[in-house]
1. Restricting attention to region 167-174, does a residue exist that is touching a Ser or Thr at 6+ places or on another chain (Cβ under 7 Å) and either crowded, with 17+ Cβ neighbours inside 10 Å or aromatic (Phe, Trp, Tyr) (or both)?
2. Hey, can you tell me all the residues within region 214-245 that are charged (D, E, K, R) and either modelled with pLDDT of 90 or more or assigned to a helix (DSSP H, G or I) (or both)?
3. Exactly one of (1) under 27 Å from GLN278 (Cβ atoms); (2) touching a His at 6+ places or on another chain (Cβ under 7 Å) is unmet by HIS159. Its number?
4. If we scan region 179-187, do we find a residue that is modelled with pLDDT under 95, surrounded by fewer than 21 Cβ atoms within 10 Å (Cβ to Cβ) and within 21 Å of GLN149 (Cβ to Cβ)?
5. For the structure I just gave you, tell me whether THR202 is within 17 Å of the chain's Cα centre (by Cα) and among the hydroxyl-bearing types (Ser, Thr, Tyr).
Amino acid sequence: MKKDIYQSVTNNIIDALEKVSLEDYKAPFVNLTAQQLPINPMTENNYHGINTLILWLEQQVQSFGCNEWGTFKQWKGKGANVKKGEKSSMIVFYKRVEKKEDKGNDPEFYNMLKSYNVFNADQVENYEPAKGEEQGNLGTVERIDQIEQFVGATGADIHPDKTMACYCPASDHIEMPSQDMFFETEQSATENYYAVLLHELTHWTGGKQRLDREQAGKSKKESYAFEELIAELGSAFLCAQFEIKQQGRDDHARYIKSWLQALKNDKKFIFKASAQAQKAIDYLNDSQGA
């Protein structure tokens, strides 16, 4: 696999960023169906603007499986109670307020910023979250021997049949959902399964025992967003390497666009993440036959 192919994948994703909408994103497996727009189940309104990004990041960082958020008082009014020891997430609200000292004919206004503390449905008791909207048709994941052998040769510790996909740095292992939890989207269930597995495998390369990919100088959320860019580009590179068809490139772009917004829409982060993803792929390829 020539490196210019990886650069081509990066360039194609950058081109796609201008065309895709985050609202069209379809998750490839069941447990991500909740990762739609954050919603308040009491008002049944979606959160908007910066609050969408804040709550989506919180959901990712804290591994919440639900997109429903409310204040302590709102949950109490719903008959639910926040679990002891749970920490809230702060959102903001702008209110247009008329200046009191204004004596002219045309009133003047200013924006007042208020903050609220909200809790995810996973943090409360006595509440049953609404079922996520169906994202597609369940499909059969077919084994791709070439990828299975590639992943096996890395020595990564993979735990199957879990509730979500993630890399756990503390225990240095990867968790993957059961294969029967994967949907057909623009790609087959097989392609979605392996794209997610290769995403997590890219995360795995950043472990302290390997590339030690810590993001110095960034906040926790910025570091998380940047690492997600690396992992998704790594997945895209490996999909190209194993000739998994890229009909779902828009899904890659939507996912990347969401994290790029967290990094202030600066496209230079794509190229920085691409360089780190390339190091990850080189590491994985070098591990073959070791």
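1. Step one: list which residues in region 167-174 are touching a Ser or Thr at 6+ places or on another chain (Cβ under 7 Å), which gives none.
Looking for residues that are touching a Ser or Thr at 6+ places or on another chain (Cβ under 7 Å) and either crowded, with 17+ Cβ neighbours inside 10 Å or aromatic (Phe, Trp, Tyr) (or both), one finds none in region 167-174, hence no.
2. Going residue by residue through region 214-245, those that are charged (D, E, K, R) are 214, 218, 220-222, 227-228, 232, 243, 245.
Correct list: LYS220, LYS221, GLU222, GLU227, GLU228, GLU232.
3. Going through the list (1) under 27 Å from GLN278 (Cβ atoms); (2) touching a His at 6+ places or on another chain (Cβ under 7 Å), HIS159 breaks only (1).
4. Residues of region 179-187 modelled with pLDDT under 95: 179-187.
Retained after the next criterion (residues that are surrounded by fewer than 21 Cβ atoms within 10 Å (Cβ to Cβ)): 179-180, 184, 186.
Pick out the ones that are also within 21 Å of GLN149 (Cβ to Cβ) and you get 179.
Taking every residue of region 179-187 in turn, at least one turns out to be modelled with pLDDT under 95, surrounded by fewer than 21 Cβ atoms within 10 Å (Cβ to Cβ) and within 21 Å of GLN149 (Cβ to Cβ).
5. Yes; evaluated as a whole, the condition is true for this residue.
The values are calculated or read from the model by the stated rules, or taken from the named source; none is laboratory data. Because the structure is a prediction, the values reported are computed rather than measured. Reconstructed Cβ throughout: ideal geometry from the backbone, glycine too, with neighbour counts over all protein chains shown.
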